[in-house]
1. Any chance you could list P(r) for segment A:77-144, counting all Cα-Cα pairs in 10 angstrom bins from zero, rounded to whole %?
2. Can you give the accessible area of residue A:144, probe radius 1.4 Å, in Å² rounded to 10?
3. Report residue A:111's accessible area, 1.4 Å probe, all protein chains in place, as a number in Å² to the nearest 10.
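The values are calculated or read from the model by the stated rules, or taken from the named source; none is laboratory data. All of these numbers come straight from a predicted model, not from anything done at the bench. Keep in mind that these areas ignore ligands, DNA and RNA; they rest on the heavy atoms of the full protein, side chains included. Shrake-Rupley method; radii C 1.70, N 1.55, O 1.52, S 1.80 Å.
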Protein chains: 2
Amino acid sequence: MLNLRVKKTIFVFSALILALLALFQVSKYSYARGNASIEAIIAVVAVVFLFIGLYINKSRSKKVVTPTNRAVNHGKIEELGLSKREYEVLLEISKGLSNKEIGEKLFVTESTIKTHVSNILVKLDVKRRTQALQKAKELQIIPV
Amino acid sequence: MLNLRVKKTIFVFSALILALLALFQVSKYSYARGNASIEAIIAVVAVVFLFIGLYINKSRSKKVVTPTNRAVNHGKIEELGLSKREYEVLLEISKGLSNKEIGEKLFVTESTIKTHVSNILVKLDVKRRTQALQKAKELQIIPV
DNA sequence: ACGGCACTCATACGAAAGTACCATTCCAAT
DNA sequence: ATTGGAATGGTACTTTCGTATGAGTGCCGT
């Protein structure tokens, strides 16, 4: 199963290769007809390849950076059976909010938040919210 | 005050500019004498600039990655007036332990831990232990 | 010797957090 | 149309957390 990122990468690289071929053809053609200076062609090629270099490394460094810190593992969230709302609550807990404050922020009562928190604790198999944070960090389901 | 990094950057870019000028001169010269094909020149330029692009982005992405994560800022701890023991307790909190559990781990009573926690909260200027964790992360005084 | 600080501990109280159950509503899948 | 999950919320109760206050001990520096 090809995910979105892979598809996008393939598309971008295909486009890139086509652009390069086109560029070479144009430069050759212009040169043959003598209506373009060699310096101009070289300058264009230089700029284009400079940007290609920048682009390649950007996507590569992103790939290197991502697994180390931030970035959320959505698979794990589903695996744990955490619902959307429960995950929202978990995020607010990680910001240090009390149940009451979370309720105000999400426009529900403290009771509701307590229910959610209780369910979160069960699903993460922990006893306290601080423990839940520790575990969530371990599982990389909350941003660092 | 120029630090090492800035000096290095200036040096690298100077060298880069010189190299470019040299490259242009060589290509012009070769072309004038007719002993180099235009395609070869373009290819060389392309490769060189591709690597330049790669290089620029490598140093840039390193700069982005490095300062973000782990490593404890000891200066901040002193600045906050956190005592050694208080900091120990803070670390245990970040592991998700209850006051009672922390007491057992550090061989003191829960009362003592409560006192420490209270002092920590005051010094970090927060109301709850979860908030303390959030703030401690911000200040980079606990490992991520 | 004295003051100040870190660390320890206790009691008492109030505020959050968490548990257990139950009930209602709504939406989506069968 | 029925069912099951998700979200909501309420009551009642227990546990944990946090505050306030006071107090004892030991150490370090003046």
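1. Per 10 Å bin, starting at 0, the Cα pair percentages come out as 23, 60, 17.
2. The accessible area comes out at roughly 70 Å².
3. Probe radius 1.4 Å; accessible area of residue A:111 about 80 Å².
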